[in-house]
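**Student:** Please find one structure pasted underneath; my questions will follow.
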Amino acid sequence: MEDPYSNEPQRHPALHTSSLRPYNAEPPSALLVDSFITPTALFYVRNHLPVPDVDEKSYELEISGVGIKSTTLTLEDIKKFPKHSVTACIQCAGNRRSEMNQVKQVKGLEWGSAAIGNATWSGARLYDVLTSLGLKEDDPRVRHIQFDGLDTDVTNVPYGASIPVEKGMDPRGDVLLAYEMNGEPLTRDHGFPIRVIVPGTVGARNVKWLGSIVVAEEESLSHWQQNDYKGFSPSVDWHNVDFKTASAIQELPITSVIGEPTSGASLRLDKGKIKLKGYAFSGGGHQVVRVDITADKGQSWHTAQLIQEPTRPPRHWGWTLWTADIPVDPKASQVEFWVKAVDNSYNTQPESFSHIWNLRGVLNNAYHRVKVNIIK
């Protein structure tokens, strides 16, 4: 029997691998916060199944469903639609899962804090494609837009997900059938030749290697929509979980991370201070308006300088990078920094993972904490 992983693409050696089959990896956090636009080679990779090898010349996208003329589009057909570009942050639902595991072990990849990236995506708007096929924005029968990928398991079942029609058919929602990432054709790991980009929405709905779109009255019935990527109470565990009782994750909560320095680093003070760098992001097009850092467990807070695009909510799809020079007690031999972010709706992060623990280890947005040693 042929090995389904025998034709995987080459990957950057700096990526930290969480699993080989399927391949999942993230860059070092210090590299992640060096650039506002994440280089494609250093963008985290989240694959659920073997990477398909798609021939762009024979590629076809099937589109069907309620209130729409069924059709099949080639890559060239999709490129005939007006080309749009958006800078959007994509984040895995399990980003920072390793921190949640410190409270109680969960099931899932042991992600650090770099299963996230910010890129410029270009392609045709889903809105333009679907309206060209006759779909009306206010068709009362339509509730979800389903996507299936060309990546399949051993039983030939594809990866699938869906988004609410309110997002997919919002002309300001900027959902793309993307064929470029950072000005170049998509790489195989990131969905060549076409992937869905759903700005402000969890990575699991940004289906790669797109094979079909179905305009529907119901959510995708795929495993990843119905029995994964959902959040639960800390009191729910695998013995009493009922996935039907929880909504599928769409927009992500606000989060922030200290990318540099990393925990365990040994540093010298520079004029009594230590420089921190990091990222912050809030889903749903919310804009990060403040990042706060403390070096004394919340007795005093310092406000970071923000680096972000000038786009306005509800279309603030990219992340925010930040820097801060934090004063440290010169007598200290060790210091622990905490960070939290605030968005334009004044959503902020919980202090502890213990109250947001969930069995799948998703939605990990408690304060990020980094402990460093001070060199005298």
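The values are calculated or read from the model by the stated rules, or taken from the named source; none is laboratory data. Remember, it's a predicted structure, so these values are computed and weren't measured experimentally. Methodologically, a virtual Cβ is constructed for each residue, glycine included, from the backbone with ideal geometry; neighbour enumeration extends over all protein chains shown. Remember, those area values only see protein heavy atoms, side chains included, never the ligands or the DNA or RNA. Shrake-Rupley method; radii C 1.70, N 1.55, O 1.52, S 1.80 Å.
**Student:** Could you report region 277-376's accessible area per residue, 1.4 Å probe, as an integer in Å²? Mind showing how you got there, number by number?
**Tutor:** Numbers: 4410 Å² over 100 residues.
For region 277-376, the solvent-accessible area averages 44 Å² per residue.
**Student:** Let me ask something else. Among Gly259, Leu221, Gly284, whose Cα projects farthest towards the positive end of the dipole of region 188-299, with charges put on the beta-carbon of Lys, Arg (+1) and Asp, Glu (-1)?
**Tutor:** Among Gly259, Leu221, Gly284, the one farthest towards the positive end of the dipole of region 188-299 is Gly259.
**Student:** Which one of Gly108, Gly134, Gly173 has the biggest mean-square fluctuation once the chain is modelled by GNM with Cα springs under 10 Å?
**Tutor:** In the Gaussian network model the winner is Gly134.
**Student:** Let me know the charge dipole size of region 25-96 about its Cα centre in debye, to the nearest 20, where only the beta-carbon of Lys, Arg (+1) and Asp, Glu (-1) is charged.
**Tutor:** Numbers: 7 positive and 9 negative charges, 59 e Å.
The calculation lands at about 280 debye.
**Student:** Return the distance in nm (one decimal) between the two label points of a simple spin-label model at Val236 and Lys80, each offset 7 Å from Cα along Cα→Cβ.
**Tutor:** It is 4.6 nm.
**Student:** Counting only the heavy atoms of the protein chains, how much of Lys273 is accessible to a 1.4 Å probe, in Å² to the nearest 10?
**Tutor:** About 90 Å², ignoring ligands and nucleic acids.
**Student:** With springs connecting C-alpha atoms under 10 Å apart, model the chain as a Gaussian network and identify which of Leu321, Leu73, Leu61 has the largest mean-square fluctuation.
**Tutor:** In this elastic network of the chain, the residue with the biggest mean-square fluctuation among Leu321, Leu73, Leu61 is Leu73.
**Student:** If Lys and Arg each add +1 and Asp and Glu each add -1, what is the summed charge of the other residues whose beta carbon sits under 11 Å from the beta carbon of Val207? Write down the numbers at each step before the final one.
**Tutor:** Numbers: positive: Arg195, Arg205, Lys208; negative: Asp148, Asp151.
With Lys, Arg at +1 and Asp, Glu at -1, the neighbours total +1.
**Student:** Then there is this: Determine the share of the chain's accessible area contributed by carbon and sulfur atoms, expressed in whole percent, with a 1.4 angstrom probe. Can you show the working numbers first?
**Tutor:** Numbers: 8060 of 16520 Å².
Answer for the chain: carbon and sulfur cover 49 percent of the accessible area.
**Student:** Okay, moving on. Evaluate the charge dipole of region 267-339 about its Cα centre and quote only its size in Debye, nearest 20, assuming +1 on the Cβ of each Lys and Arg and -1 on the Cβ of each Asp and Glu. Walk me through the numbers before you get to the answer.
**Tutor:** Values: 10 positive and 7 negative charges, 26 e Å.
The dipole of region 267-339 has a size of about 120 debye.
**Student:** Please tell me which of these pairs span more than 22 angstrom C-alpha to C-alpha: Lys136/Lys230; Lys340/Lys376; Lys277/Lys340; Lys331/Lys371; Lys230/Lys371; Lys107/Lys371? Write down the numbers at each step before the final one.
**Tutor:** Values: Lys136/Lys230 30 Å; Lys340/Lys376 28 Å; Lys277/Lys340 13 Å; Lys331/Lys371 16 Å; Lys230/Lys371 31 Å; Lys107/Lys371 26 Å.
Those over the limit are Lys136/Lys230; Lys340/Lys376; Lys230/Lys371; Lys107/Lys371.
**Student:** Taking +1 at the Cβ of each Lys and Arg and -1 at the Cβ of each Asp and Glu, which of Ala124, Pro140, Val106 sits farthest along the dipole of region 61-169 towards its positive end, judged by Cα position relative to the Cα centre?
**Tutor:** Positive-most Cα among the choices belongs to Val106.
**Student:** Let me check against my output: what whole-number percent is the relative contact order of the chain, with C-alpha pairs under 8 Å and at least 6 apart? Mind dumping the intermediate values first?
**Tutor:** Working: 939 pairs, mean separation 65.9, N = 376.
Computed over the chain, the figure is 18 percent.
**Student:** Please return the longest range in the chain lying between exposed loop sites, taking chymotrypsin sites (Phe, Trp or Tyr not before Pro), DSSP loop only, at most 16 other beta-carbon atoms within 10 Å, and leaving the sites out.
**Tutor:** Working: sites that count: Tyr5, Phe36, Trp238, Trp301, Tyr346.
The segment 37-237 is the longest one with no such site.
**Student:** Of Ala88, Ala25, Ala295, which is the most mobile in a GNM of the chain whose springs link Cα atoms less than 10 angstrom apart?
**Tutor:** Largest GNM mean-square fluctuation: Ala295.
**Student:** Long-range amide H contacts for Gly259: which residues qualify at under 5 Å (H placed 1.01 Å from N, peptide plane, sequence gap of 5 or more or a different chain)?
**Tutor:** Lys277, Gly278, Tyr279
**Student:** Does region 115-172 come out rounded, prolate or oblate, given a ≥ b ≥ c as the square roots of the eigenvalues of its C-alpha gyration tensor, rounded meaning a/c under 1.5 and, failing that, prolate meaning a/b above b/c? Don't skip to the end; give the middle numbers.
**Tutor:** Working: a/c = 2.11, a/b = 1.32, b/c = 1.60.
Oblate is the answer for region 115-172, as a/c is 1.5 or above yet b/c matches or exceeds a/b.
**Student:** Ordered by residue, what ³J(HN,Hα) values in Hz, to whole numbers, does region 50-65 give under the Karplus form 6.51 cos²θ - 1.76 cosθ + 1.60, where θ = phi - 60° and Gly and Pro are x?
**Tutor:** The phi angles translate into x, 6, x, 9, 9, 8, 5, 6, 9, 4, 9, 10, 8, 10, 7, x Hz.
**Student:** Turning to a different aspect of this structure: Report, in whole Å, the centroid distance computed from the Cα atoms of region 315-376 and region 124-145.
**Tutor:** 40 Å
**Student:** Of Glu2, Glu351, Glu217, which has the most accessible area and how do the rest follow, probe 1.4 Å? Don't skip to the end; give the middle numbers.
**Tutor:** On the way: Glu2 155, Glu351 100, Glu217 120 Å².
Largest to smallest exposure gives the sequence Glu2, Glu217, Glu351.
**Student:** To the nearest 20 debye, what is the magnitude of the charge dipole of region 149-231 about its Cα centre, counting +1 on the Cβ of each Lys and Arg and -1 on the Cβ of each Asp and Glu? Don't jump to the answer; show the numbers that get you there.
**Tutor:** Working: 7 positive and 12 negative charges, 26 e Å.
Dipole of region 149-231, to the nearest 20 debye: 120 debye.
**Student:** Something else about it: What spacing in nm lies between the two simple spin-label points modelled at His12 and Asp170, each 7 Å away from Cα in the Cβ direction?
**Tutor:** 3.1 nm
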